[in-house]
Each structure stands twice: as structure tokens, then as C-alpha cells.
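The values are calculated or read from the model by the stated rules, or taken from the named source; none is laboratory data. None of these values were measured; they are calculated from a predicted model. Cβ: placed from backbone, ideal geometry, glycine included. Neighbour counts: every protein chain shown.
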Amino acid sequence: LKDGPLSGKRILVTSGPTHEPIDPVRYIANRSSGAQGTAIAQALVALGADVIFVTGPADVDPPKGVELHKVESAKDMLAAVASALPVDAAVFAAAVADWRVASASGSKIKKQADGALPVLEFAENPDILATISQMGQGRPGLVVGFAAETDDVIAHATAKRARKGCDWIVANDVSPETGIMGGSENAVTLISDAGAEDWPRMGKDEVAAQLADRIADELRG
Ligand code: C5P
């Protein structure tokens, strides 16, 4: 058993973007680097947790000392998350694509000689955080979601917490002028039953360390 306040605790972390296939060579994705999720997983490992890390195709290397599950699409991510249960806590830091292409082509879509353009039809992806938050039996004791917003951060994140049914929301402002998306710093507000708590702007590693400490306090209490 590893040493530390989270010794013996199983904690799931999702991270990175998802890739939603259009055909075998093309996909739809988003700009998540996976930096914050990776830092959180690393901080939880440092406190002695057994971390199950489910990641989409991220820019950053996965953390060391985790049980690593690499996935591509949102559907694959949900399946990997479901198979990791039961866990003591789950942190959903992935930037899951809201939509997938309804019927991805099994072969490469070709340019048409007459210039006709392909039309993509979308289907809604499962909301992994909401699905796990709203489980009856087998729900993790603590479910943490993220909310990247560009305006009215606290109001939108508070509504999101209620809608999805998670315990905590880590909210942040990703307006381009903040430089947070893809950057090394983050300024977050932790929203829980107790209300909204603003944390000062700090490195993503420091946000991760503080969040891991809070998770340890919660699982101990
Ligand atoms: O609704 P929105 O995408 O802003 O919510 C963000 C939170 O929900 C994050 O914690 C993210 O990981 C999670 N999420 C999810 N599955 C989705 C969409 C979002 O787990 N399909």
C-alpha cells in the first residue's frame, strides 16, 4: 500500500479531449491539452491514491503511476469509466465532445467530381459526468466536475452543478484574454454545498495539489 492521506482510495480521473470520428482518417475534436487533468491525477498519486486515469488523445504525457486507459471517443470514455467503478471519488476533467457524427463512414469520404459537399449529421454524446452523478447504487462518494465558462462563471457553474448532480464543480474562466486554455496557470472557483470559493490564480500543478488535498479531507471526514 502506498503512503499518504489517500492510501487505499480508488480515484478515477478523466482528462483530455475526445476525438469523434467522421471517417477512418478524420475526426472532430477540441482544444483541451489534458494538462489540468494530468496534474490532478499526479497530485492524487502523490497523496497515495490508486488512480484510474481515462484519457482522450491529449497533448501532454500521461501521469506516472496510474492505471492508464486511453480512449478516443466520448462513448469509449463512458465505457472505460463504467468499467472502472466502483471508486471512492471521481474527477471529470475531460473536455468531452458534446456531439458525435451520427453515422461515421466506414471508409474514407471521397471528394466528389461534381463538387458536391459532404453533409454531417450529429448525434448528442452521453454526458459522462451527469450519468455517473445520477447513479443510484454504486455512485462514487464524491463526484467532481469542471465548468469552463466565458461569462457569468459562478452563475453558470452553479446551475451546471445542480443540473448534472455532482458534488463539486471546479469553475474557471476560459475567455481568450485569460490565457488559461492551453496555458500553465488557472484561476478557479470551487462550488460545493457550502457555496462558491474563489482561489487565487496559480499554476495548474498548484490547483491540482490543492484540489487533491481537499479531496483527501473530504474522504477522511
Ligand atoms: O456541460 P459541460 O461540458 O460544460 O460540463 C463540463 C463537465 O462535464 C466536465 O466535468 C466534463 O468532464 C463533464 N462532461 C462529461 N461528459 C460530457 C460533457 C461534459 O463528463 N459529455
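A few points about this structure:
- Taken together, the residues in the range 136-167 that are within 12 Å of the ligand (Cβ to nearest atom) and outside any loop (DSSP other than H, G, I, E, B) amount to 15.
- Counting only strands (runs of 3 or more DSSP E) that sit completely within the range 1-83, those holding 1 or more residues that are more than 30 Å from residue 105 (Cα to Cα) correspond to 10-15, 50-55, 67-70.
- Residue selected from the range 20-40 under the condition under 17 Å from the mean Cα position of the chain (by Cα) and charged (D, E, K, R), by the criterion surrounded by the most Cβ atoms within 10 Å (Cβ to Cβ): 20
- Test result for residue 170, within 13 Å of the ligand (Cβ to nearest atom), within 19 Å of residue 34 (Cα to Cα) and not hydroxyl-bearing (Ser, Thr, Tyr): yes
- Among the residues of the range 111-125, some residue qualifies, meaning at least one is within 15 Å of the ligand (Cβ to nearest atom), surrounded by 11 or more Cβ atoms within 10 Å (Cβ to Cβ) and under 15 Å from the mean Cα position of the chain (by Cα).
- Among the residues of the range 150-167, those identified as under 16 Å from the mean Cα position of the chain (by Cα) and free of Cβ contacts under 8 Å to residues at least 40 places away in the same chain are 157, 160, 161, 164, 165, 167.
- Considering 139, 163, the condition of being surrounded by 15 or more Cβ atoms within 10 Å (Cβ to Cβ) and at pLDDT 95 or above is satisfied by 139 alone.
- Number of residues in the range 202-221 that are exposed (fewer than 13 other Cβ atoms within 10 Å of the Cβ) and either more than 24 Å from residue 49 (Cβ to Cβ) or among the small types (Gly, Ala, Ser) (or both) equals 1.
- Complete set of residues in the range 1-40 that are closer than 25 Å to residue 142 by Cβ and more than 16 Å from the ligand (Cβ to nearest atom): 1, 2, 3, 4, 5, 6, 7, 8, 9, 10
- Subset of the range 174-208 [in contact with a Leu (Cβ under 9 Å, 6 or more places away or on another chain) and under 16 Å from residue 15 (Cα atoms)]: 208
- Among the residues of the range 113-128, those identified as closer than 24 Å to residue 81 by Cβ and in a loop (DSSP other than H, G, I, E, B) are 125, 126, 127.
- Between 89, 58, 43, the distinction of being within 16 Å of the ligand (Cβ to nearest atom), under 28 Å from residue 209 (Cβ atoms), within 17 Å of the chain's Cα centre (by Cα) and buried (at least 21 other Cβ atoms within 10 Å of the Cβ) belongs to 89 only.
- Residue among 149, 121 that alone is under 30 Å from residue 104 (Cα atoms), modelled with pLDDT of 95 or more and not polar (S, T, N, Q): 121
Table: residues versus (1) under 16 Å from residue 146 (Cα atoms); (2) aliphatic (A, V, I, L, M).
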| position | (1), (2) |
| --- | --- |
| 6 | no, yes |
| 10 | no, no |
| 16 | yes, no |
| 19 | no, no |
| 22 | no, yes |
| 27 | no, no |
| 40 | yes, yes |
| 46 | no, yes |
| 57 | no, no |
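- Screening residue 110 with (1) free of Cβ contacts under 8 Å to residues at least 24 places away in the same chain; (2) in a strand (DSSP E or B) gives one miss only, at (2).
- Single residue of the range 173-192 satisfying the filter (crowded, with 17+ Cβ neighbours inside 10 Å and not in a strand (DSSP E or B)) that is nearest to the ligand (Cβ to nearest atom): 174
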